[in-house]
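Reviewing the structure listed below.
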Amino acid sequence: MGWLFDPAHWSGSTGIPLRLLEHLGYTLLTMVIAALIAIPLGAFVGHTGKGGFVIVGLSNALRALPTTAVLILVVLWAGLGDFPVYVALVLLAIPPIMAGTYAGVRAVDPATVDAARGVGMRESGVLLQVEIPNALPLIYGGFRGAALQVVATATIAAYTGAGGLGRFVFDGLALQDFGQMLAGAVLVALLAVLVDLGFAGLQRLTVSPGLRPVGTGGKK
Amino acid sequence: MPGYAERVKVVGIYIQGGPIGVVVATGGIRRVIEFRAVTKRFEDGTIAVDELDLTVEAGTITVFVGPSGCGKTTSLRMVNRMIDPTSGTILVDGKDVLTVDPPTLRRGIGYVIQQAGLFPHRTVLDNIATVPLLSGWDKRKARTRAAELLEIVGLDANFGKRYPAQLSGGQQQRVGVARALAADPPVLLMDEPFSAVDPVVREDLQNELLRLQAELDKTIVFVTHDIDEALKLGERVAVFQTGGHLAQYARPTELLAAPANDFVASFVGRDRGYRTLTFLHADVPVHPIDTAKLGERITVTDWTLVVDEENRPKGWLSGVDGEVEVREQDLISGGSLYDGTTLRGALDAALSSPSALGVVVDGAGAVTGVVQAGDVIQALAKARAAGEVPK
C-alpha cells in the first residue's frame, strides 16, 4: 500500500486526484446519457404495456455484449479517444436502467392508475405525475446497479489510451508494479462506494416519503 | 368545466353527530344521466352491456347491483368514458358524453373506486386537491378546499400531512370520497367503493354517505354486488343480470315486494320478507319492563332488565328464586337494541333477546321499554292493510 500513500502520486497530471476526477467524469456523463435513453424507453413501454418483449430482448442482447469487444470495435471504427469509451459504457448501463424503469412503471397499482385517469389526468399526466414518481424506487434500483458496473468497468478506458483510474491498473501491469495496480483497484472500489452513497442520497431527496416502507415515512 | 368554481357557494353549516364543517355545494345544479340503447361489446365478442335503457334521476343515489359479469361496472365506466360504448348514447344533463374530451368530462364527474386508488406518493391533502389543481385552481385555494373536505368526510385535520400507506382502509376510502368531491361535481360515480373494508367500517361509510348526500344532493351512481348495500343506499336500484341485461329498475320496497323475474327474486334473497321490514316505520307498542341496578337486592319473579346509573341496559336476570343481590356475573347478556326506527330493528331486538323481549332505547341509550315479536307482526299486517307495503 506504500504506493497509494506516496505524496508524489497525489499531484500533477498523472496524479491520483486527476485520475479520480477523470474516472468520476466518465461515470457521471455515461449515467446521464444512458438515463436519457433508457428511462423514456422503459417508461413508454411500461405505460403503454406494448412492446415489453422489445425491452426484454434488447436488454438481454445488450447484456450479452462483451464490453471490451464493443470498445475495440468502436476504436477500430472511430479511432482512439473518449468516444469509444462512452459508447461501450453507455451500452453497459442501458439494460439495468431500462429494465428498472419498465418494471417500476408496470408495478404501479392498477387502481392508482385507473384513479389517475378517472379524475381527469391526461396520459402525459398519468405517466409523469403518477407512474414515474411511484416507479422511482425501482428506477433508482436499476440506476444504482448500472452506476456500480460503470464505475468498475470505466477502468478499461485506459486500455484505449484514455485516462481514469484504469491507468494505474494497466500501467502497473505493464511495469510489473503491483503496488500501483493494487492502489488503482482499491481506488475504483472506494469510488464505487462513494458514487452509490451519492445516488442513495439523491434517491432519499427525490422519492416521496409516502413510498417508504410503512411506519418510517412522513410525520405521524 | 370553466367557470365552475365561481358558482360554488357556502350553503350552510351542519352539526349532526359528527364533525362541524362548512358544506359547499353547487347552487342548484342537478344532473340527469340517461342511457339510451347502450351496448358494449368487447373485442373478444363478449357482450358486457346489452341495449341498456335507463334514466338516473337527478339528486338521487341510484345503485347498480348484480353478480360479477353483469355489466354494472362497465355501465358505470361508460358515463365518464373510462370505457366507450359500442353503440347507443349516454347523456349527462342532456349532453352526449362522446362529444366531450374524456379528461375534461372526468374532471366534472366525481370518481370513487374500490381500494380508493389514492396516489401513494402524495399526502392526503394533495390527493384531495388533485382535481381542483387539474382544473387550474391556484394552490392555496385548492389546499383550503382540500382541508374543508377532510372535515366534511369526518377526518381530523392532522391526517392531511400523512401519506395513504399510513391510513386504514376505511380512512383511505374517506379520502377517496373527499378527492371525488373536491371540485364539487354534480355527478358522482362510485364503483364498489366500500367492498374492501370490514363490515363495521363499511356500515360507518354507508351511513356517512347517506348523511353527505342529504347535505350535498348529488346525482350518485353506486355499483355494488351486495344486495343489502344496494337496498340500504339506493333510492332507485337497477338489478343487472348476467349478459348485461337490466332485469329490474325500481325502488327497494318494490324490488322486495314484486321481483320482476326469478333471477331478481333469487338475487334479492330468500329473507326478503324480513328485509321489507327495513323500509317500514310503523308504530310498535312499547311495554313497560321491571328494571334493577347492580348491587340492589330484589325479588326476581320474571325476566328483569338490569341497567346502569344512566338507565342503559346491561343484561337480563332470571331463573333465581326469592330475594337476591344483583351481581354482574349473574347477568345474561342481551340482544340487539331497538332505537325506534324500523320494524326490522324491532323484530331483531325481540328475536335476539334471551327474554324474547326487545329492549327499546331512546337517543341517549336509556331504556324506555320492551317490544315483542308478535307486536311487530301485527304492525306489519297493519302496514299491509294500509297499503304501505307495495304489492
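The values are calculated or read from the model by the stated rules, or taken from the named source; none is laboratory data. What you are looking at is a predicted structure, and each value in this text was computed from that prediction instead of being measured. We place every Cβ from the backbone using ideal geometry, glycine too, and count neighbours over all the protein chains shown.
A:L58 passes every criterion in (1) surrounded by fewer than 23 Cβ atoms within 10 Å (Cβ to Cβ); (2) closer than 30 Å to A:L182 by Cβ apart from (2).
Restricting attention to segment B:182-211, the residues that are touching a residue at least 12 places away in the same chain (Cβ under 8 Å), away from chain A (no Cβ under 14 Å) and not hydrophobic (A, V, I, L, M, F, W, C) total 7. Only one of the numbered conditions (1) in contact with a helix residue (DSSP H, G or I) (Cβ under 8 Å, 6 or more places away or on another chain); (2) surrounded by fewer than 19 Cβ atoms within 10 Å (Cβ to Cβ); (3) within 26 Å of B:I377 (Cβ to Cβ) is violated by B:P259, and that is (2). One residue stands out in segment B:266-280 among those that are touching a Gly at 6+ places or on another chain (Cβ under 9 Å) and either aliphatic (A, V, I, L, M) or under 25 Å from B:G387 (Cβ atoms) (or both): the one that is modelled with the highest pLDDT, namely B:L277.
Could you tell me whether segment A:91-107 includes any residue that is buried (at least 22 other Cβ atoms within 10 Å of the Cβ), of a type in the set (V, I, T) and in contact with a His (Cβ under 8 Å, 6 or more places away or on another chain)?
If we filter segment A:91-107 for residues that are buried (at least 22 other Cβ atoms within 10 Å of the Cβ), which is where we start, we get A:92-102, A:104-105.
Cutting the leftovers down to of a type in the set (V, I, T) gives us A:94, A:97, A:101, A:105.
Those left that are additionally in contact with a His (Cβ under 8 Å, 6 or more places away or on another chain): A:105.
Yes, there is a match, as at least one residue in segment A:91-107 is buried (at least 22 other Cβ atoms within 10 Å of the Cβ), of a type in the set (V, I, T) and in contact with a His (Cβ under 8 Å, 6 or more places away or on another chain).
May I ask you to list the residues in segment A:1-20 that are assigned to a helix (DSSP H, G or I) and within 29 Å of the chain's Cα centre (by Cα)? Hits for segment A:1-20 are A:L4, A:H9, A:W10, A:I16, A:P17, A:L18, A:R19, A:L20.
Taken together, the residues in segment B:151-181 that are within 14 Å of chain A (Cβ to nearest Cβ) and in contact (Cβ under 8 Å) with a residue 60 or more places away in the chain amount to 6.
Listed conditions (1) over 18 Å from the mean Cα position of the chain (by Cα); (2) not assigned by TED's automatic domain parsing to the domain that holds B:L216 are all met by B:G154, apart from (1).
If you check A:T67 against the conditions, is it closer than 23 Å to A:V151 by Cα and either surrounded by fewer than 12 Cβ atoms within 10 Å (Cβ to Cβ) or touching a Ser or Thr at 6+ places or on another chain (Cβ under 9 Å) (or both)? Judged against the criteria, A:T67 is a match.
The helices (runs of 4 or more DSSP H) found wholly in segment A:110-220 and carrying at least 2 residues that are surrounded by 20 or more Cβ atoms within 10 Å (Cβ to Cβ), touching a Gly at 6+ places or on another chain (Cβ under 9 Å) and facing chain B (nearest Cβ under 10 Å) occupy A:110-118, A:132-153. All conditions in (1) within 28 Å of the chain's Cα centre (by Cα); (2) of a type outside the set (V, I, T); (3) closer than 25 Å to B:A257 by Cα; (4) crowded, with 20+ Cβ neighbours inside 10 Å hold for B:G334, with the sole exception of (3).
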